[in-house]
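Below is one structure, written out as structure tokens; comments come after it.
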Amino acid sequence: MAAVTVLGAGAWGTAFGQVLADAGNQVTMWAIEPEIVDAINTLHQNPVRLPVVKRLPDSMHATLDRGEAVKNAEIIIVTIAAQFARQALEEFRDLIPDQAIVVSLMKGIERSTDKRMDQVVMETLHLPASRFACLSGPNLSKEVALRQPAAAVVASQDHDTAVKVATVATSKYFKIFSSTDVIGVEMCGSLKNVVALAVGMSRGAGFGENTAAMIETRGLAELTQLGVAAGAQAQTFAGLAGVGDLVATCGSPLSRNYTFGSNLGKGMSVDQATKVSNGVAEGVPTTAAVVALGEKYGVPTPLASAMLRVLNEGIDCGEMLEDLFGDDIIDE
């Protein structure tokens, strides 16, 4: 059993907090919303972010106080929205215990710097690579919250760190595998959101399985090439963090990115889809970052480039697919 703190009590943070509690740990949830903290402590619920769970484990409690949240933590899980991570984590820089491991569950690329979340977290917290890990996989929060069988991969440059996190967080229904490919796991989790936008858009426009499969496979090839150019291992993209997460995200209306794309495919503007979704899906800011990374590493990004035109110029799904196909005959 370990003392684990989860920073961020959104749907995924709360669901993963339950996983940790079910694995036998004492879990502290940190949130900025007083009503969520109060509900977790008094009702054992998070009706604002995760109403599907009627009672959270008794070993979970919550606090608004940053110092209290992390003072005894052995492992700190970060589930803050990617675009706000740097700002939020700056408040924790001098509070985190010297030996604590920090694990990012965030999936995104920082819009202002085009940096991965591992880079953002380690820079902001002045954290050595040996105390950082990232976790990703086919993990739709509602299904995990319902304790349906699921798996993920946790990666750290220090293999022992990855194994420790996997051991602490594995429960009867949630299996965690270990890896040392931090770059690969990070890029899988971030870049697949762009593919989910495109698949959702094709579904919303009325296209079927062939179109979705084409987008997913070409998208996966694009992301793999970009990941390898950035220093990732190609096999990571064929595992849970890659294909696994891609299948889950591109095939379920529970995915915020898929739903956002679907609304675009139905003819909504970005602003309209944002309003309906109660916020921007992470794939939206990530799309421009993927195109920028492709230019940086000299890797073609036809899918991301086509989706960027959707977001910036408002082209429809047919035009997006024409951009993706292109006119040239190329080897697969």
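Considered as a group, the residues in the stretch 128-138 that are open to solvent by 20 Å² or more (accessible area, probe 1.4 Å) and in contact (Cβ under 8 Å) with a residue 12 or more places away in the chain include one that is nearest to ASN193 (Cα to Cα), and that residue is PRO138.
Residue count for the stretch 10-30 under the criterion of being closer than 15 Å to VAL103 by Cα and open to solvent by 10 Å² or more (accessible area, probe 1.4 Å): the result is 3.
Counting only residues that are of a type outside the set (Asp, Glu) and in a loop (DSSP other than H, G, I, E, B), the stretch 233-291 holds 15 of them.
Based on what the data block shows, is LEU303 open to solvent by 20 Å² or more (accessible area, probe 1.4 Å) and within 26 Å of ALA152 (Cβ to Cβ)? The answer is no for LEU303. There is at least one residue in the stretch 189-204 that is more than 24 Å from LEU89 (Cβ to Cβ) and open to solvent by 10 Å² or more (accessible area, probe 1.4 Å). Which one is most open to solvent (accessible area, probe 1.4 Å), of the residues in the stretch 174-188 that are part of a helix (DSSP H, G or I) and more than 23 Å from MET320 (Cβ to Cβ)? Restricting to residues being part of a helix (DSSP H, G or I) and more than 23 Å from MET320 (Cβ to Cβ), the top hit is ILE183. Under the condition of being out of contact with any Ser or Thr (no Cβ under 8 Å at 6 or more places or on another chain) and part of a helix (DSSP H, G or I), the residues counted in the stretch 22-39 number 5.
Taking the condition assigned by the TED database to the domain that holds ASP316, open to solvent by 40 Å² or more (accessible area, probe 1.4 Å) and not in a strand (DSSP E or B), does THR224 pass? For THR224, the condition - assigned by the TED database to the domain that holds ASP316, open to solvent by 40 Å² or more (accessible area, probe 1.4 Å) and not in a strand (DSSP E or B) - is not met.
A quick yes/no check of all residues on (1) at pLDDT below 95; (2) more than 17 Å from the chain's Cα centre (by Cα); (3) at positive phi; (4) not acidic (Asp, Glu):
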site: GLN83; (1), (2), (3), (4): yes, no, no, yes
site: GLU91; (1), (2), (3), (4): no, yes, no, no
site: VAL121; (1), (2), (3), (4): no, no, no, yes
site: GLN157; (1), (2), (3), (4): no, yes, no, yes
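Please find, among GLY294, GLY298, the residue that is open to solvent by 60 Å² or more (accessible area, probe 1.4 Å) and over 24 Å from SER252 (Cβ atoms). On inspection, the qualifying residue turns out to be GLY298. Scanning the stretch 200-256 for residues that are of a type in the set (D, E, K, R), more than 19 Å from the chain's Cα centre (by Cα) and under 26 Å from ASP181 (Cα atoms) gives a single hit, ARG218. In the set ALA150, ALA169, only one residue is touching a Phe, Trp or Tyr at 6+ places or on another chain (Cβ under 7 Å) and either open to solvent by less than 50 Å² (accessible area, probe 1.4 Å) or touching a residue at least 24 places away in the same chain (Cβ under 8 Å) (or both); that residue is ALA150.
Within this structure, VAL19 passes the test of being assigned to a helix (DSSP H, G or I), in contact with a helix residue (DSSP H, G or I) (Cβ under 9 Å, 6 or more places away or on another chain) and in contact (Cβ under 8 Å) with a residue 12 or more places away in the chain.
The values are calculated or read from the model by the stated rules, or taken from the named source; none is laboratory data. Bear in mind the structure is a predicted one, so any value in this text is a computation, not a measurement. As a convention, Cβ positions derive from the backbone with ideal geometry for all residues, glycine included, and neighbour counts pool all protein chains shown. Accessible surface areas use protein heavy atoms only, side chains included; no ligands, DNA or RNA. Shrake-Rupley method; radii C 1.70, N 1.55, O 1.52, S 1.80 Å.
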